[in-house]
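Student: First the structure, then my questions, so here it is.
Read the figures in this text as sums done on the coordinates, not as results from a lab. Quantities reported herein were computed from a predicted structural model and do not represent experimental measurements. As a convention, Cβ positions derive from the backbone with ideal geometry for all residues, glycine included, and neighbour counts pool all protein chains shown.
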Amino acid sequence: MESLVTFVEMGGYGRFVWPAFAVTALVLAGLLVQSLRTLKGREAQLSLLQGSLDRARRRPAGAGR
Amino acid sequence: MTRFANPNRFLRWSGRLLPWLAAATILLFGVGLYLALIASPPDYQQGESVRIMYVHVPAAWMALFCYVAMAGAAAVGLIWRHPLADIVAKASAPIGAAFTLLALVTGALWGKPMWGTWWVWDARLTSVLVLFFLYLGYIALNSAFDDPGRGARASAILALVGLVNVPIIKFSVDWWYTLHQPASVIRAGGPAIHPSMLWPLLLMAAAFTCYYLWVLAVRVRGEIVAHKIRALRLRQAYG
Amino acid sequence: MKRKHKRLTFVAVGLGLLGLAAALFVSAIGDSVAFFHSPSDLANQGDLGDRRIRVGGLVEEGSIERGHGTEVRFRVTDLARSVPVVYVGILPDLFREGQGVVAQGRLRGGVFVAEEVLARHDETYMPPEVAEALKQAGTWQHMGQHMEAAGAASMPADGYQ
């Protein structure tokens, strides 16, 4: 328990060390999540678009008769 | 080289690479953070505050590396009109901007207790702030045109002009009196960091590099998919 | 094929000219980018009047004198010349004899009256035990450039925990 307190205090520099690591974690994780979500969203959009395009291509061929 | 640079081929091989990059990033950050926060010793002058180095220095290195990669890809796109090169340049910019921001913020958090100030306008700090604005300018210019090709060309020229800032950042601490200290690792006469602190630093740098490659691959895939959507929309409208 | 080569030449020549311009610019601005002046610069500059300037160097060994309150007097040296500094206020954690320092203020009658004192650290990093061992082995001067810069001056008196 005591060693945990000294670890968090960082020899009196805890209020500088921890924010530095926290802001790094926050920015890097945020950018990663944003990049992954953008990719997933676009992939879903693309497959939706491809599906509707395929259907549109099939329909006039079937409706011709 | 061009075999891997075809956008469809890129989707295929980067898809296989992604889980490995993710695993390497997480593993390296795990070991690196353990060494940086727990296993490495305090500094004889700076005490425990030296641990900020393990995020500040890799962020600053990657800010520069990312800029050189972005400008290089932009030049390839500009000269050879290679679509994937333009995409790599565009995808690198936000990652580089994030690294630069981190270098500035963690530097301020380190400067306050050690130097006695959050910020000074010395040559090193100012040139890194300029780097941050170059990234923002690149991102703005790249998306300022309706035609993505024109945006890529205009922003590529900005990226190449901004390349002169890179040696200025690197050598500012040698050319002028600055508050920032000279380089510790890449310097004549070998590193001035004790191995017990150099190894954690190099591991964290490897973690940052893997993170960059991972996010870059994800963003490039996102851009390729966006291009496909745009092409399909055009076909839908005019085809 | 031809247009590609044209563009390549254009970019290469452009980058070359840009590099040349940057090199000229960097050599032209020279010292005006300096964040601080050394005590030798100060001595060569003659009368500065009431201009606010920064002076930087090492805190001379054995020169720190504490006055009443937070007043402190010390000398900043570049090993050729030194200038006396007086400062009232909180000093940064790294302020030590033999360590780098940058003071901002005005020169008044040969004494530099500082409004702000910043510490400057060198590029050497090592654990305290290693610093201690090096000192005892007498090989301290070989570690890092800063000790060379300090002209093999004696060790920082309290440079370790």
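Student: What residue among B:Trp214, B:Ala24, C:His5 has its Cα farthest toward the positive end of the dipole of the protein assembly as shown, where the charges are +1 on Lys, Arg and -1 on Asp, Glu, each on the Cβ?
Tutor: Ranked along the dipole, the leading option is C:His5.
Student: Let me ask you something else. Mind listing the long-range amide H neighbours of C:Glu123? Cut-off is under 5 Å, sequence gap 5 or more, other chains count too, H placed in the peptide plane at 1.01 Å from N.
Tutor: Close amide H contacts, sequence-distant or interchain: C:His146.
Student: What are the equivalent ellipsoid semi-axes of the stretch B:1-127, built from the alpha-carbon gyration tensor (square roots of five times its eigenvalues), in whole angstrom, biggest first?
Tutor: Rounded to whole Å, the semi-axes are 35, 21, 9.
Student: Under a Cβ-only charge scheme (Lys and Arg +1, Asp and Glu -1), can you give me the dipole magnitude of the stretch C:35-149 about the Cα centre, in debye to the nearest 20?
Tutor: 380 debye
Student: Please state the shape class of chain C: rounded when a/c is under 1.5, otherwise prolate if a/b exceeds b/c and oblate if not, all from the C-alpha gyration tensor.
Tutor: Note, shape of chain C comes out oblate.
Student: Here's something else I'd like to know. Using the beta-carbon distance between B:Asn6 and B:Asp174 and R0 = 60 Å, what value does 1/(1 + (r/R0)^6) give for FRET efficiency, to the nearest 0.05?
Tutor: Values: r = 43 Å, r/R0 = 0.72.
Working from the Cβ atoms, E equals 0.90.
Student: Report the local net charge at C:Pro127: Lys and Arg +1, Asp and Glu -1, summed over other residues whose C-beta lies under 15 Å from its C-beta.
Tutor: -2
Student: Positive end of the dipole of the protein assembly as shown, charges at C-beta (+1 Lys, Arg; -1 Asp, Glu), about the Cα centre: which of B:Val68, A:Ser52, B:Trp80 has its Cα farthest in that direction?
Tutor: Working it through, the farthest residue towards the positive pole turns out to be A:Ser52.
Student: Just grab the label-to-label distance for C:Arg7 and C:Ala80, each label 7 Å out from Cα along the Cβ direction, in nm (one decimal).
Tutor: About 5.2 nm separates the two model spin labels.
Student: A further question follows. To the nearest 20 debye, what is the magnitude of the charge dipole of the stretch A:15-58 about its Cα centre, counting +1 on the Cβ of each Lys and Arg and -1 on the Cβ of each Asp and Glu? Mind dumping the intermediate values first?
Tutor: Values: 7 positive and 2 negative charges, 35 e Å.
Here the stretch A:15-58 has a charge dipole of around 160 debye.
Student: For C:Lys135, go through the aspartates and glutamates and keep the ones whose alpha-carbon is under 14 Å away, minus same-chain ones fewer than eight residues off.
Tutor: C:Asp158
Student: While we're looking at this one, here's another question. Which entries in A:Lys40/B:Lys170; B:Lys170/C:Lys4; B:Lys112/B:Lys170; B:Lys170/C:Lys6; B:Lys170/C:Lys2 show an alpha-carbon gap greater than 27 Å? If you can, show how the numbers build up before the last one.
Tutor: Numbers: A:Lys40/B:Lys170 38 Å; B:Lys170/C:Lys4 32 Å; B:Lys112/B:Lys170 22 Å; B:Lys170/C:Lys6 32 Å; B:Lys170/C:Lys2 37 Å.
Over 27 Å Cα-Cα: A:Lys40/B:Lys170; B:Lys170/C:Lys4; B:Lys170/C:Lys6; B:Lys170/C:Lys2.
Student: Give me the inter-chain shielding for A:31-41: mean count of other chain Cβ atoms within 10 Å, whole number please.
Tutor: Details: counts 9, 9, 0, 5, 12, 7, 2, 7, 11, 3, 2.
Partner Cβ neighbours, averaged per residue: 6.
Student: What is the mean number of Cβ atoms from other protein chains located within 10 Å of the Cβ atom of each residue in peptide C:75-84, rounded to a whole number?
Tutor: Whole-number average of other-chain Cβ neighbours for C:75-84 is 0.
Student: Right, here's the next one. Quickly estimate the mean residue ellipticity at 222 nm for chain C, helices only: each DSSP H run with n ≥ 4 gives -39500 (n - 2.57), and the total goes over all residues, rounded to 500.
Tutor: -9500 deg cm²/dmol
Student: OK, next. Could you work out how much longer the chain between B:Arg235 and B:Ala140 gets when fully extended? Use 0.36 nm per residue separation minus the Cα distance between them, nm to one decimal.
Tutor: In short, 31.4 nm is gained.
Student: Consider a paramagnetic label point 7 Å from the Cα of A:Val8 along Cα→Cβ; state which residues of the stretch B:35-64 have an amide N under 18 Å from it.
Tutor: Residues B:37-38 qualify, since their backbone N sits under 18 Å from the label point.
Student: Summarise the partner chain shielding of B:204-216 as one whole number: the mean count of Cβ atoms from other chains within 10 Å of each residue's Cβ.
Tutor: Partner Cβ neighbours, averaged per residue: 1.
Student: Going toward the positive end of the dipole of chain C, with +1 on Lys and Arg Cβ and -1 on Asp and Glu Cβ, which of C:Leu17, C:Leu134, C:Leu48 do you reach last?
Tutor: Result: C:Leu17, furthest along the dipole toward the positive end.
Student: Return the aspartates and glutamates within reach of B:Lys228: Cα separation strictly under 12 angstrom, same-chain partners fewer than 8 residues apart disregarded; answer none if there are no such residues.
Tutor: Correct list for B:Lys228: A:Glu43.
Student: Here's something else I'd like to know. I'd like to verify something in chain B: which complete DSSP H helices, judged by Cα projection on the helix axis, reach 30 Å or more and average at least -0.5 on the Kyte-Doolittle scale?
Tutor: Those that clear 30 Å and a mean of -0.5 are B:7-34, B:53-80, B:83-114, B:195-238.
Student: For chain B, give the magnitude of the charge dipole about the Cα centre (Cβ charges: +1 Lys/Arg, -1 Asp/Glu; no others), in debye to the nearest 20.
Tutor: 1080 debye
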